[in-house]
Amino acid sequence: MSDIILKGKVHKYGSNVNTDEIIPARYLNTTDPIVLAKYCMEDIDKDFVKNVKPGDIIVAENNFGCGSSREHAPISIKAAGVSAVIANSFARIFFRNSINIGLPILESEEAVKSIKDGDEIEINLNKGTIHNITQNKTYQSQPFPEFMQKIIKAGGLLKYIKK
Amino acid sequence: MGSAITEKILAAHCGKKVVEPGEFIEPKVDIALGNDVTAPLAIKEFKKSGVKKVFDKNKIALVMDHFTPNKDILSAEHVKFVREFAKEQKIKHYFEGGNVGVEHAIVPEKGIAIPGDIIIGADSHTCTYGALGAFSTGVGSTDLASAMATGKVWFKVPNSIKFVLKGKLNKWVSGKDIILYIIGLIGVDGALYNSMEFTGSVCKKLTMADRFTIANMAIEAGGKNGIFAPDEITEKYAAKRALRKYKFYESDKDAKYLKTYEIDCSKIFPQVALPFLPSNAKAVKDVKKTYIDQVVIGSCTNGRIEDLRIAASIIKKGKKVNPNVRTIVIPATPAIYSQALEEGLLKIFMDAGAVVSAPTCGPCLGGHMGILASGEKCVSTTNRNFVGRMGHVESQVFLANPAVSAASAIKGYIATPDEIK
């Protein structure tokens, strides 16, 4: 099987981007990913949905996705076309939810420090490498624990438990 | 090397003698919980899995509390979807209409969550039940779907951080002030992935309501769970409610902690967390005069009878709430509502010009029943003050205890209870 390559432009944010900013509660009366995608990041960056292109990557500092347990948050990010999120750290429920729905997330302080808003980057998910095309630099992130790789390989938690 | 209480509960639920922090485990869950926002997604996932029946109809709680009484057609459809699932699966603990309360108030009140349990909930404030000496944590909808199908959930065993609560409690200082102070000290990711264990001589002075409030906000410091070792106060609470046999666990004397914080509670004065993070905690007395438009007293953090009693005792002294402040009081469960009615608390609120609402999460997450317009400010006993949390992206939420909230409702600005003569 060939390596999974994700490539896109970076949308960069700071620390503690919370789930209320990612998808405000006023839109939680739906579970439809297409509807949720329309309002993604609305309360932190109202132009995000206008600017985002399929494959783009969110880069943020500490504690990304803190707050509520709403799975609507990673769902809206994924459905908006974002291929991965890179951060120094993730809030734990957001981390679980992303793995469970198959949104790739990577932790790399080195990458977050160096990557600038608008940079073009390419991620090799299998190797955990992040290549910054704009700056011609490469960063390494921690590979997922084996347990989580199995969930991702199965295509999400429910498919994993079905096995 | 001994084990911390969290490790002991986790070990007991996966048939092991001990578990080590960092280890991946798949323990059995005693209760799996969902609400009207998260359960619809979970049920959709559950149906995709091909599993026909939930693992145990008595171990699932579905509480329709967030947007109920249904605020719009889409929300009503969600609740209908969950209701039909609950009927079809014969889910024992289904709450809606006149039975419903805010989930983290009603689940322990009804004895569904008990000491020694593992409880997972598709709601971040599921950590509340740690107050009972249970391991209790928030997960997402897919996790809930998986737990409803298998009765298990995957976890990485967390490290524990110990908070030793010492000293004497100052006047008007409650569980809310202690936890806001701690979050202010360690930050919103200060306990990320870790267990927050609360101990020390002050714990004996804390009511179950205070402990629920403290455990409830462990997530606001990024914690996986917040936990108190059960004692005679827990026993008194659980004995008359528990639907199952419960078990008390406690940390070994030689348990290993990632960190220990000694918290001198005599240095804590009534707190307020300024926008836009719960960690922006300050003593109310040190905050400059800030005029407000709304006060909310309620939620899974502070909607219990003890909270309403404190608020009523202050409002009674002040007689009327400030005409510029919409004051919304939300008893967290029907039993609390009823008790407050019997004690005359609701009449005090209503006579003072406050609104008394049916139990709902409503305004806490900007759902309904008290949404803020642009530029408006609200003092609230809830747990989050993020950007746009209670409404317009340019509105502001200030988190405080019920006494400060009641005093602020009367004064029209963020006030200490001592200002009400």
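The values are calculated or read from the model by the stated rules, or taken from the named source; none is laboratory data. Everything numeric in this text was worked out from a predicted model, so none of it was measured. Cβ: placed from backbone, ideal geometry, glycine included. Neighbour counts: every protein chain shown. When the accessible area is computed, the model is the full protein with side chains, heavy atoms only, and any ligands, DNA or RNA have been set aside. Shrake-Rupley method; radii C 1.70, N 1.55, O 1.52, S 1.80 Å.
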Sole residue being more than 11 Å from every other protein chain (Cβ to nearest Cβ), open to solvent by 60 Å² or more (accessible area, probe 1.4 Å), in contact (Cβ under 8 Å) with a residue 24 or more places away in the chain and out of contact with any Ser or Thr (no Cβ under 9 Å at 6 or more places or on another chain), chosen from A:Ile44, A:Ile34: A:Ile34
Failed criterion for A:Phe95 (all others in (1) buried (at least 24 other Cβ atoms within 10 Å of the Cβ); (2) assigned to a helix (DSSP H, G or I); (3) under 10 Å from the mean Cα position of the chain (by Cα) hold): (1)
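From B:Asn159, B:Asn170, grab the single residue that is under 19 Å from B:Lys224 (Cβ atoms), among the polar types (S, T, N, Q), in contact (Cβ under 8 Å) with a residue 60 or more places away in the chain and open to solvent by 10 Å² or more (accessible area, probe 1.4 Å).
Values: B:Asn170 fails: under 19 Å from B:Lys224 (Cβ atoms).
Being under 19 Å from B:Lys224 (Cβ atoms), among the polar types (S, T, N, Q), in contact (Cβ under 8 Å) with a residue 60 or more places away in the chain and open to solvent by 10 Å² or more (accessible area, probe 1.4 Å) holds for just one of B:Asn159, B:Asn170, which is B:Asn159.
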Residue in region A:12-21 that is at positive phi and either buried (at least 23 other Cβ atoms within 10 Å of the Cβ) or in contact with a helix residue (DSSP H, G or I) (Cβ under 9 Å, 6 or more places away or on another chain) (or both) present: yes
Residue identified as open to solvent by 10 Å² or more (accessible area, probe 1.4 Å), touching a Pro at 6+ places or on another chain (Cβ under 8 Å) and of a type outside the set (D, E, K, R) among B:Tyr257, B:Tyr291, B:Tyr249: B:Tyr249
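Taking into account only those residues within region B:85-134 that are within 14 Å of another protein chain (Cβ to nearest Cβ) and among the hydrophobic types (A, V, I, L, M, F, W, C), which is farthest from B:Asp30 (Cα to Cα)?
Start the filter on region B:85-134 by keeping residues that are within 14 Å of another protein chain (Cβ to nearest Cβ), which leaves B:85, B:103-104, B:119-128.
If we keep only those that are among the hydrophobic types (A, V, I, L, M, F, W, C) as well, we get B:85, B:119-120, B:122, B:127.
Working: B:Phe85: 20, B:Ile119: 6, B:Ile120: 8, B:Ala122: 14, B:Cys127: 14 Å.
Step by step, filter region B:85-134, then rank; the result is B:Phe85.
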Candidate set: region A:48-72, residues that are on the phi > 0 side of the Ramachandran plot and at the interface with chain B (Cβ under 7 Å from one of its Cβ atoms); chosen: the one nearest to the chain's Cα centre (by Cα): A:Asn63
A:Val59, sole failed condition from (1) open to solvent by 10 Å² or more (accessible area, probe 1.4 Å); (2) out of contact with any Gly (no Cβ under 7 Å at 6 or more places or on another chain); (3) outside any loop (DSSP other than H, G, I, E, B): (1)
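Which helices (runs of 4 or more DSSP H) does region B:327-421 wholly contain that include 1 or more residues that are open to solvent by 10 Å² or more (accessible area, probe 1.4 Å) and without any contact (Cβ under 8 Å) to a residue 40 or more places away in the chain?
Result: B:334-342, B:345-351.
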Of all residues making up region A:74-97, the number that are facing chain B (nearest Cβ under 9 Å) and either in contact with a strand residue (DSSP E or B) (Cβ under 6 Å, 6 or more places away or on another chain) or of a type outside the set (Val, Ile, Thr) (or both): 10
Check on B:Val51, under 23 Å from B:Ser124 (Cβ atoms) and among the β-branched types (Val, Ile, Thr): no
